[in-house]
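Have a look at the structure below, then the notes.
The values are calculated or read from the model by the stated rules, or taken from the named source; none is laboratory data. For clarity, every value in this text was computed on a predicted model and none was experimentally measured. Every residue, glycine among them, receives a Cβ derived from its backbone with ideal geometry; neighbour counts consider all protein chains shown.
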Amino acid sequence: MLAFGRHGRHDLIGLRRTAVLNISRGSLYYKPRPVSAADLAQMRRMDELHLEFPFTGARMLQGLLPAEGSKVGRRHVKTLMRRMGMEVAAERCDPVSAYSIGTHCRAASLRVA
């Protein structure tokens with residue numbers, strides 16, 4: 001049986017609501033933190049760099065940012081890219097078709113002779 005804690009009846013209503021929506025109870029009370037000013041400045045600069053070089057991924061952007069005095073790690077760059085919806089404009093290589101047509105990609109260089 002559900003024990004009424006300090007939330008009383010409202011906790012029971014929240015439990016039913018989360019059960020119907022099939023989400024966790026913690027997500028019902030989650031409030032996202034606001035984005036910091038430093039992250040906004042980095043995101044603005046990353047967007048400018050991405051428009052200039054659309055093929056740059058997290059590793060290359062992480063290498064370009066310190067040239068302007070910004071020290072940020074690759075994982076944080078990847079997180080900011082995900083938050084902004086940025087994607088790399090390069091095509092992904094299909095190892096099977098790359099092998100059959102003889103184009104070069106990382107997977108084709110690993111093929112067994």
Kindly establish whether Gly63 is modelled with pLDDT of 60 or more, surrounded by fewer than 14 Cβ atoms within 10 Å (Cβ to Cβ), small (Gly, Ala, Ser) and within 21 Å of Ala37 (Cβ to Cβ). no
Considering region 25-42 alone, what residues qualify as being exposed (fewer than 10 other Cβ atoms within 10 Å of the Cβ) and polar (S, T, N, Q)? Ser27, Ser36
